[in-house]
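Enquirer: Pasting a structure here, questions to come.
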There are 2 protein chains.
Amino acid sequence: MTTRNIRKTNNEMKGRAVTSQRKLLLDILRKSGGHISAKELYRSASRRNESISLATVYRSLQLFKELDLVEERRLGQVFCTYEMKESAEHQHLVCRSCGKVIEFESPLIRRLVEALKHEHGFNLTKIELYMEGYCKECAKNASDIV
Amino acid sequence: MTTRNIRKTNNEMKGRAVTSQRKLLLDILRKSGGHISAKELYRSASRRNESISLATVYRSLQLFKELDLVEERRLGQVFCTYEMKESAEHQHLVCRSCGKVIEFESPLIRRLVEALKHEHGFNLTKIELYMEGYCKECAKNASDIV
DNA sequence: TATATTTTGAGAATGTTTCTCATTCTCATC
DNA sequence: GATGAGAATGAGAAACATTCTCAAAATATA
């Protein structure tokens, strides 16, 4: 066994082809810093690669999910949003009025997960706490009217 | 002013027309006891009313939401599920393998909500904790294979 | 380089949800 | 019970996100 057998594979793509499209999409996802939809990603990518297909965007997102590179989230909308997984675990507050997304984290979440694991023997792979309401500003504006 | 002016309005429908379709749909929702999709609701209603339209199902669900009669939930799938609001506030665990839905509740949720209200001044209208993973049975079966 | 395998683009197809509009129903009033 | 105004319905078209298909192109491997 020689060092030739120690192949330096692309650690991110785990043996899957590294195409220009995939590099581009990952780059955009990284720079966008979270909460980007498939369509936004497509539009953004189109600016740098005229011919990229929406199907490729979806296929790549699927792949990135499998490779644990991105996280898929449904923030109340009809469609999903995606973000790179490196970002710390956090949850979302969405304002029903202005659509603003507030991220937050809480130790209570961790405690809840542990409690559930214990009580139901559930092996968790995804936790998503979605909360909807009115942010400080919108609530204030509404109270001016009412 | 006589007693004639004290009109006995339908308390559920709050002045909105009480149609046979709406009665039917509410009845099915009540009897189904939670987690029914628009399509299932439509199929179920079709059995009792041949000509009911899918559009009516969606319109009615929209109305029921507005009247606070039903609650809309997105349990990870592409579509929504609906349930009558009378059921106690609870959250969901969904098994990725068998699709089973486990409902649960925890005082930690309430504490979390209060903490958030305090910290961000967010006026909450909807809380949805969605957790995905493998239930006890499926996790056991998987470990037999692996 | 040659070959086998993956991936892509384009558009069709799918599935859920919303819209449109002519027709029908409901409800308050007579 | 009949009437009229406004609300609700059915059917299908439309809109929306997402997935599929397949020939052509790119990539990885020997």
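The values are calculated or read from the model by the stated rules, or taken from the named source; none is laboratory data. Source: prediction; values computed, not measured. Here Cβ is always computed from backbone atoms with ideal geometry, including for glycine, and neighbour counts include all displayed protein chains. Side chains are part of the model used for accessible areas, which takes the heavy atoms of the whole protein and leaves out ligands, DNA and RNA. Shrake-Rupley method; radii C 1.70, N 1.55, O 1.52, S 1.80 Å.
Enquirer: Give the nm distances, rounded to one decimal, from B:Cys98 to the matching residue in every other copy, measuring between label points 7 Å along Cα toward the beta carbon; shortest first.
Expert: Spacings between copies for this position, smallest first, are 4.7 nm.
Enquirer: Taking the simple approach of a point 7 Å from Cα along Cα-to-Cβ for both B:His118 and B:Arg59, what is their distance in nm?
Expert: Using points 7 Å along Cα→Cβ, the separation is 4.7 nm.
Enquirer: Follow-up. Which whole-number percent is the relative contact order of region B:15-87 (Cα, under 8 Å, 6+ apart)?
Expert: 34
Enquirer: Can you pull a Stokes-Einstein diffusion coefficient for chain B at 37 °C (0.692 mPa s), Rh from Kirkwood over Cα pairs, as a whole number of µm²/s?
Expert: Numbers: Rh = 18.1 Å.
In µm²/s, the coefficient is 181.
Enquirer: Let me ask something else about it. Need one number: % antiparallel among DSSP beta bridges in the protein assembly as shown, to the nearest 5. Spell out each step's value before the answer.
Expert: On the way: 31 of 39 bridges.
Once the DSSP bridges in the protein assembly as shown are tallied, antiparallel ones form about 80 percent.
Enquirer: Also, quick follow-up: So if I place +1 on the C-beta of Lys and Arg and -1 on the C-beta of Asp and Glu, and nothing else carries charge, what would the dipole magnitude of the protein assembly as shown be about its Cα centre? I want it in debye, nearest 20.
Expert: 820
Enquirer: Quick one: putting +1 on the C-beta of Lys and Arg, -1 on the C-beta of Asp and Glu, what dipole do you get for region B:88-146 around its Cα centre, in Debye to the nearest 20?
Expert: Details: 8 positive and 9 negative charges, 8 e Å.
Charge dipole, region B:88-146, about its Cα centre: 40 debye, nearest 20.
Enquirer: On to the next question. Where does helix B:20-32 land angle-wise versus the long Cα axis of chain B, in degrees 0 to 90, nearest 10?
Expert: Approximately 30 degrees, to the nearest ten.
Enquirer: On to the next question. Note down the net charge around A:Val101, summing +1 for each Lys or Arg and -1 for each Asp or Glu among other residues with Cβ under 12 Å from its Cβ. Let's see the in-between values first.
Expert: On the way: positive: A:Arg73, A:Arg96, A:Lys100; negative: A:Glu83, A:Glu103, A:Glu132.
Here the count lands on 0.
Enquirer: Next up: Where is the GNM fluctuation largest for chain B (alpha-carbon springs, 10 angstrom cutoff): B:Lys31, B:Lys65, B:Lys39?
Expert: Sorting by GNM fluctuation, first place goes to B:Lys31.
Enquirer: Follow-up question, since we're still on this one. Please give every one of the lysines within straight-line cross-link reach of A:Lys31, meaning a C-alpha to C-alpha distance under 17 Å, and leave out same-chain neighbours fewer than 8 residues apart.
Expert: A:Lys23, A:Lys39, A:Lys85
Enquirer: Helix B:54-66 against the longest principal axis of chain B: what's the angle in degrees, Cα atoms only, rounded to the nearest 10?
Expert: Its long axis makes an angle of about 90 degrees.
Enquirer: Continuing with this model, one more query. In percent, what relative contact order does chain A have, based on Cα pairs under 8 Å that are 6 or more apart in sequence?
Expert: On the way: 132 pairs, mean separation 26.3, N = 146.
Taking the mean separation of contacting Cα pairs over the length of chain A, I get 18 percent.
Enquirer: Let me ask something else about it. Once you've got the GNM for chain B with C-alpha springs shorter than 10 Å, pick whichever of B:Ser46, B:Ser97, B:Ser60 has the biggest mean-square fluctuation.
Expert: Result for chain B, Cα springs under 10 Å: B:Ser97 fluctuates most.
Enquirer: If you don't mind, another one. How much of the pair distance distribution for region B:15-87 lies past 21 Å, counting alpha-carbon pairs only, in percent?
Expert: Details: 429 of 2628 pairs.
The proportion of pairs with Cα distances above 21 Å equals 16 percent.
Enquirer: Find how much the distance from A:His90 to A:Leu67 grows on full extension, using 0.36 nm per residue of separation minus their present alpha carbon separation; answer in nm with one decimal. Show your work: numbers first, answer last.
Expert: On the way: separation 23, 0.36 × 23 = 8.28 nm, distance 2.00 nm.
6.3 nm is the gain from fully extending A:His90 to A:Leu67.
Enquirer: Given a 1.4 Å probe and the protein chains all in place, what does the accessible area of A:Tyr130 round to, in Å² to the nearest 10?
Expert: Counting only protein heavy atoms, A:Tyr130 exposes about 20 Å² to solvent.
Enquirer: Dimensions of the protein assembly as shown along principal axes (Cα, Å, largest first)?
Expert: 99, 52, 42
Enquirer: Which listed residue (A:Ser32, A:Tyr58, A:Cys95) has the Cα farthest towards the positive end of the charge dipole for region A:1-120, taking +1 on Lys and Arg C-beta and -1 on Asp and Glu C-beta about the Cα centre?
Expert: So the residue furthest toward the plus end is A:Tyr58.
Enquirer: Can you tell me which of A:Glu132, A:Glu83, A:Glu71 moves the most in a GNM of chain A? Springs connect C-alpha atoms under 10 Å apart.
Expert: For chain A, modelled as a Gaussian network with Cα springs under 10 Å, the answer is A:Glu132.
Enquirer: Rolling a 1.4 angstrom probe over the protein chains, ignoring ligands and nucleic acids, what is the accessible area of A:Thr81 in square angstrom, nearest 10?
Expert: Here the accessible area works out near 10 Å².
Enquirer: Continuing with the same structure: Between the label point of B:Lys136 and that of the same position in each other copy, find the distances and list them shortest first in nm, with every label point placed 7 Å from Cα along the Cα-to-C-beta direction.
Expert: Here B:Lys136 shows inter-copy label distances of 4.5 nm.
Enquirer: Provide, as a two-decimal number, the C-alpha radius of gyration of region B:88-146 over 2.2 N^0.38 Å, N being how many residues it has.
Expert: 1.52
Enquirer: For helix A:107-120, what angle does its Cα long axis make with the longest principal axis of chain A, in degrees from 0 to 90 and rounded to 10?
Expert: 80
Enquirer: Let me ask another. Got the A:His35 label distances to the other copies yet, label 7 Å along Cα→Cβ, in nm, shortest first?
Expert: 3.1
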